[in-house]
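Remarks on the structure that follows.
Read-outs: derived from the displayed coordinates by stated rules, not from any lab. What you see is a predicted model, and the numbers here were worked out from it, not measured in a lab. Every residue, glycine among them, receives a Cβ derived from its backbone with ideal geometry; neighbour counts consider all protein chains shown.
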Amino acid sequence: MSLSAPRRAAETARPYLLGLTRAVTGLLFACHGAASLFGVLGGAKGGGTVEALSWPGWYAAVIQLVGGTLVLLGLGTRTAAVVCSGSMAYAYFSVHQEGGLLPIQNGGESAALFAWAFLALALTGPGALALDALLPTRRHPAPATA
């Protein structure tokens, strides 16, 4: 059974759309980290930068910058996405949740969206045009039989 032309086109475009989604999500996340760490792009909330080694702001900003850059490039995407998703889930439940049940009530929309987007990337993989595809895959040798 053959697929219809629109369905074939959608199947062909799927890895590229996933790769573009990965790159955009990583870029936006890295921008948050750069803003918090270096005061660029408008700086951290309230202006300026986060204090070095302050918990959890500085660590979150480092995860945002490094993790976002790795996801953007498609390098170690699944691992980086799990770490990024976890950091945003932590941010949502430790910072935003006390302001109300729903993200629209507590200002946690971006934390919730990033957490779910990174979870989806961790499960689906990087899609097309990821640097991971250029690295040699590690193959475990089959155990020797007697």
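The stretch 1-108 holds helices (runs of 4 or more DSSP H) entirely within its bounds, and those carrying 1 or more residues that are of a type in the set (Ser, Thr, Tyr) and in contact (Cβ under 8 Å) with a residue 24 or more places away in the chain map to 5-38, 57-73, 77-91.
For the stretch 64-86, the count of residues that are more than 30 Å from Leu135 (Cα to Cα), surrounded by 15 or more Cβ atoms within 10 Å (Cβ to Cβ) and among the hydrophobic types (A, V, I, L, M, F, W, C) is zero.
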